[in-house]
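Reading through the structure tokens given below for one structure.
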Amino acid sequence: MEMKKRLTLELRNKKPAEVKELVLDNCRSDDGKIVGLSSDFENLEFLSMININLLSVSNLPKLNKLRKLELSDNRISGGLEVLAERTPNLTHLNLSGNKIKDINTLEPLKKLPNLHSLDLFNCEVTMLINYRESVFALLPQLTYLDGFDVDDQEAPDSDPEADGDGLDDEYEENGDEGEEDDDDEEDELDEEVIDDEEEDDDDLDAEEEEDGVDDEEEEDDEDGEDEEEDEGDEAELPQGEKRKRELEDEGEEDLEDDDDEEDD
């Protein structure tokens with residue numbers, strides 16, 4: 001996206017004088033120069049133009065209230081005197097990932113009395129011997145170079161999310177909640193196991209009762225079947241045979257009685 005179109009989108013129907021922060025990262029500059037930005041952004045305090053293929057800051061307008069300028073990942077190799085002229089109250093400048101090779105290229109920054117933080121990560125100048133000592137000597141107003149002071153103490157970060165404090169607090173809260181959730185889940189699982197065991201016991205009792213009933217019914221059925229078979233056998237005999245069998249049974253009973261008397 002071209003820089004002019006990006007500016008229009010970022011304004012969102014606001015007037016330039018109403019804008020205090022402006023982010024134009026990853027858009028396309030015009031021949032490596034700033035376009036569309038004017039001194040109408042008189043109240044601008046933060047400007048970010050990261051990775052827009054910028055070769056020069058010569059077209060930067062007068063921005064007296066600008067305090068923080070992000071210009072990392074461009075191709076700037078010099079011309080920093082423009083910053084001293086047009087952004088006199090600059091406190092933070094990020095030139096990381098540019099084409100700055102010599103310490104002398106930074107000399108115009110001496111005219112920025114409020115410049116406290118300068119970043120030059122991934123610039124060739126950082127490979128020079130005594131790089132840090134030389135930059136601090138050249139720019140005595142600096143407090144932090146590449147995030148560290150002259151005693152190698154790291155710069156404090158005002159953003160709690162950036163330094164991890166906010167994330168730690170959030171993690172602890174989420175951790176506590178996670179433990180509570182785990183306890184709740186374990187309780188629910190225990191209840192489910194108990195319910196399942198009770199259901200299994202009920203099912204076993206019901207099956208045993210059904211088996212008992214079935215066994216009794218089977219025995220009754222077998223007895224009934226035996227009686228029906230006997231009755232069926234008698235019913236199948238002819239009338240004469242049936243009478244004969246009754247007489248034989250009576251004769252057997254009489255003989256048994258006679259035997260009992262003889263024994264007496």
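Structure data summary
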| item | result |
| --- | --- |
| Considering residues of the range 112-131 that are of a type outside the set (S, T, N, Q), under 42 Å from the mean Cα position of the chain (by Cα) and open to solvent by 60 Å² or more (accessible area, probe 1.4 Å) only, the residue farthest from Ile76 (Cα to Cα) | His116 |
| Where a residue in the range 15-35 is more than 12 Å from Met1 (Cβ to Cβ) and its partner, wherever it lies, is part of a strand (DSSP E or B) and open to solvent by less than 40 Å² (accessible area, probe 1.4 Å), with Cβ under 6 Å and at least six apart | Leu22/Leu47; Val23/Ser48 |
| Count of residues meeting criterion [farther than 16 Å from Leu66 by Cβ and in contact with a strand residue (DSSP E or B) (Cβ under 8 Å, 6 or more places away or on another chain)] in the range 9-29 | 3 |
| Residue among Leu93, Leu109 that is surrounded by 19 or more Cβ atoms within 10 Å (Cβ to Cβ), in a strand (DSSP E or B) and modelled with pLDDT of 95 or more | Leu93 |
| Residue that is hydrophobic (A, V, I, L, M, F, W, C) and in contact (Cβ under 8 Å) with a residue 24 or more places away in the chain, where the choices are Leu63, Leu11 | Leu63 |
| Among residues of the range 112-156, those that are in a helix (DSSP H, G or I) and closer than 22 Å to Pro88 by Cα, counted | 4 |
| Options Ala84, Ala155, Ala162: the member that is in contact with a Phe, Trp or Tyr (Cβ under 6 Å, 6 or more places away or on another chain), open to solvent by less than 80 Å² (accessible area, probe 1.4 Å) and at pLDDT below 95 | Ala155 |
| Of all residues making up the range 38-72, the number that are more than 19 Å from Asn122 (Cα to Cα) and open to solvent by 20 Å² or more (accessible area, probe 1.4 Å) | 14 |
| Conditions (1) free of Cβ contacts under 8 Å to residues at least 24 places away in the same chain; (2) not in a loop (DSSP other than H, G, I, E, B): number failed by Leu83 | (1) |
| Failed item in (1) part of a loop (DSSP other than H, G, I, E, B); (2) open to solvent by 60 Å² or more (accessible area, probe 1.4 Å); (3) out of contact with any helix residue (DSSP H, G or I) (no Cβ under 7 Å at 6 or more places or on another chain), with Asn104 passing the rest | (1) |
| Of the criteria (1) of a type outside the set (S, T, N, Q); (2) open to solvent by 20 Å² or more (accessible area, probe 1.4 Å); (3) assigned to a loop (DSSP other than H, G, I, E, B), which one Glu10 fails | (3) |
| Filter result for the condition that a residue is acidic (Asp, Glu) and touching a Lys or Arg at 6+ places or on another chain (Cβ under 6 Å), over Glu45, Glu85, Glu70, Glu81 | Glu45 |
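The values are calculated or read from the model by the stated rules, or taken from the named source; none is laboratory data. Being a predicted model, the structure only gives us computed values, none of them experimental. In this analysis, Cβ positions are derived from the backbone assuming ideal geometry, glycine residues included, and neighbour counts consider all displayed protein chains. Just so you know, the surface numbers come from the protein's heavy atoms only, side chains and all, with ligands and any DNA or RNA stripped out. Shrake-Rupley method; radii C 1.70, N 1.55, O 1.52, S 1.80 Å.
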